Amino acid sequence: MASTLQKFIHSLDLRALPRVLQIQSGIYCQDSIYEMFGNEFSLSTEDIIKVIGFKINKLIASICENNEVSQFSAKVELPLNFPGLYKVVADKTPYASIEEIARKVSVGPTRFGHPSFYSAKDIKLENFTIKHDEQITFNSVEEVHGMMAVNCVVVRNNQSHSFVLPLSQEGEFYECEDDQIYTLKEIAEWKIPKGRNRIVKLSTTLHMWDSSSPLPENFDGCLILMPVYEVQAVMKFRKDIIHILSDLDVEVKDVTDHYDISSFLQPLSLEDIFERTSKEFPMVAEIMEGPSGNQKPYNLLSTGKEIVIYKKYQAARVLASEMRSDSSKRHYLIPMSYKGKFKRRPREFPTAYDLEIARNEKEHLHVVATKAFTSPHKELFSVSVGDQFLVQQCQTSEVLYEGGKKLIDVLACEQILSDSYKKVLLPMYLEGGFVEVVHDKKQYHLSEICKEFHLPFNVKVSVRDLSIEKDVLAVAPGLQFEEEITDSYLLISSASSPVESWEIPVYRLNVLVHLLSKDVQTVAPPVTRTAVEEVSEEEYYMLRRYENLTLHPPPRPPKKPT
């Protein structure tokens, strides 16, 4: 039975991909496709395509009043990078089963993929009863004892209780209120159920409004968002990926059950390649879709080129940001093989607790106070702007507190006077400001800094890496090494001239390949090269928030006694 492409996409479960479609009516205007995506093609009646994926490309927004489209509101098109932060309004339409939720709502490994629902009635499980209106958090969808189920959690009296709900579980399930704020891109990727629109409320107003903005000036209300999907597909006799917008006027019919899917090329993402077993490497692949750019290693990934993929592995990187006062700071992932050298730059510390975290046994941390602090206890030192200290160690000290004596954590320091030193104690909760005085003139390699000092750590390149043509770090006014992370990489080289091999990140490159049944000429990879990778603002926050979940932040400084 034929349907519009949009209806087909709205009804499709991502887990059912790939699907083979036959065009029933409508001809795509090849000029519009050429302008939008740069690959010219047209679709005519009875053409066959294989849909391999789809994602939200843009949003059609209408101003919302009382959960309905305002009669005075015109529909406007919003790109996914449209500025502002938004709160998601809970959908009042119920879901009839766990299967419907799993099919329509994104459930995945990040915190975005942990939606919460409540049941209108109690649900009795074998050893557990979920009360009506109790918040159920969905963590993952997987096979449990031979049946598909959702791993769930409820929290009672600050204790988490885990259980599974089979997809066959029926009922009346409603979305819970969500107090988090999101960008439009995050909402598009995680918070718009398939086949439904989404109401959002602007939480943080736009930083700058101009006449070109599609929204009214000072707008702070609700929007109804309708997604427009970009469909990724392959055609017979073509080696590239075609992109089709779901709102274009084409009718399609699902003919998957009557067609040999293997007759199409099988596009694989870098994530798909990484999930293969180590025994399957090395392999030869042809690029079906890759990033643009002439800089190595991205010039190896242009469409049509053949590469050898030698192996997969985890590699260490240091996440660094430029030290700038404006908002245009750039962010980098620096490999441990970087051959440049660094000199130290002064660090800034907002609290005495930060001084304790940065303290190093090999040298005394020398700081200057930039903010005054008056101690509420006579036993502890009051700080004036310009006071200089050598940080010693953390210890406990007795102070008078509410008529009695109390032990609190303090930081033992030596105050530097004109001709002597004075031992003083600073309360650990001291909220002041300190700047480091750097006496160390040594030049360090990246690995030495990670081994000898606590991150974050401020540096400037003193000797650039001569092994690379353009060292982007050398021109930075200063860098803050923020944390060391471990990320996933593939080692590749050109199949035609394997002079050198390169590490490429798995999760930050949009590359599609298909495997070739060719033998690898040399199993051992040639000399390995690594590159300093500049990451976008969005990728930077994703790295800080998700890829380093094994590192817990230090505890908050102790609160000042009241």
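The values are calculated or read from the model by the stated rules, or taken from the named source; none is laboratory data. Bear in mind that the values here come from a model prediction, so they are computed numbers and not experimental data. As a convention, Cβ positions derive from the backbone with ideal geometry for all residues, glycine included, and neighbour counts pool all protein chains shown. Accessible surface is based on the protein model in full, side chains and every heavy atom, while ligands, DNA and RNA are left aside. Shrake-Rupley method; radii C 1.70, N 1.55, O 1.52, S 1.80 Å.
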Qualifying GluC sites (Glu not before Pro) in the range 246-294, DSSP loop, other Cβ atoms within 10 Å at most 11: 275
Which label in (1) 31; (2) 39; (3) 20 gives the computed percent of Cα pairs over 42 Å apart: (2)
5 angstrom amide H check on residue 478, placed H, neighbours 5+ away: 323
Accessible surface of the chain, 1.4 Å probe, proportion on carbon and sulfur as whole %: 49 percent
For residue 53, distant residues with modelled amide H under 5 Å away: 232
The range 384-400 - phi-based ³J(HN,Hα) in whole Hz, Karplus 6.51/-1.76/1.60, Gly and Pro as x: 10, 4, x, 4, 10, 9, 9, 7, 9, 6, 8, 7, 10, 9, 8, 10, 6
Debye log10 I(q)/I(0) for the range 387-509, one point scatterer per Cα, at q = 0.20, 0.23 Å⁻¹: -1.31, -1.41
Dipole magnitude of the chain, debye to nearest 20 (Cβ charges: Lys/Arg +1, Asp/Glu -1, about Cα centre): 1480 debye
Cα-based equivalent ellipsoid of the range 290-360: semi-axis lengths in Å, sorted from largest, via gyration tensor: 37, 17, 11
Principal axes of the range 122-252: Cα extent on each, largest first, Å: 58, 52, 23
Cut-off under 5 Å, modelled amide H: who pairs with residue 500 long-range: 494
Distance-filtered residues of the range 137-158 - backbone nitrogen under 11 Å, label point 7 angstrom along residue 127 Cα→Cβ: none
Residue (of 171, 82, 530) at the positive-pole extreme of the chain, dipole from beta-carbon charges: 530
Burial ranking of peptide ranges 145-153, 345-353 (average Cβ count within 10 Å, highest at the top): 345-353, 145-153
Selection of GluC sites (Glu not before Pro), the range 393-473, meeting DSSP coil and at most 15 other Cβ within 10 Å: 402, 469
Cα lying deepest toward the dipole's positive end in the chain, options 132, 481, 410, charges on Cβ: 410
The range 244-314-the range 459-492 distance, computed between alpha-carbon centres (Å): 29 Å
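Give me the extension gain from residue 407 to residue 466: residue separation times 0.36 nm, minus the current Cα-Cα distance, reported in nm with one decimal.
15.8 nm
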Point-charge dipole on Cβ atoms (K/R +1, D/E -1) for the range 81-206, about Cα centre, debye to 20: 420 debye
Overall Cα dimensions of the range 205-350 - principal axes, largest extent first, Å: 67, 52, 27
Residue-averaged 222 nm ellipticity for the chain, from DSSP H runs of 4+ at -39500 (n - 2.57), nearest 500: -2500 deg cm²/dmol
Distance histogram for the range 348-436 (every C-alpha pair counted, 5 angstrom bins, percent rounded to whole numbers): 3, 15, 26, 28, 16, 8, 3, 1, 0
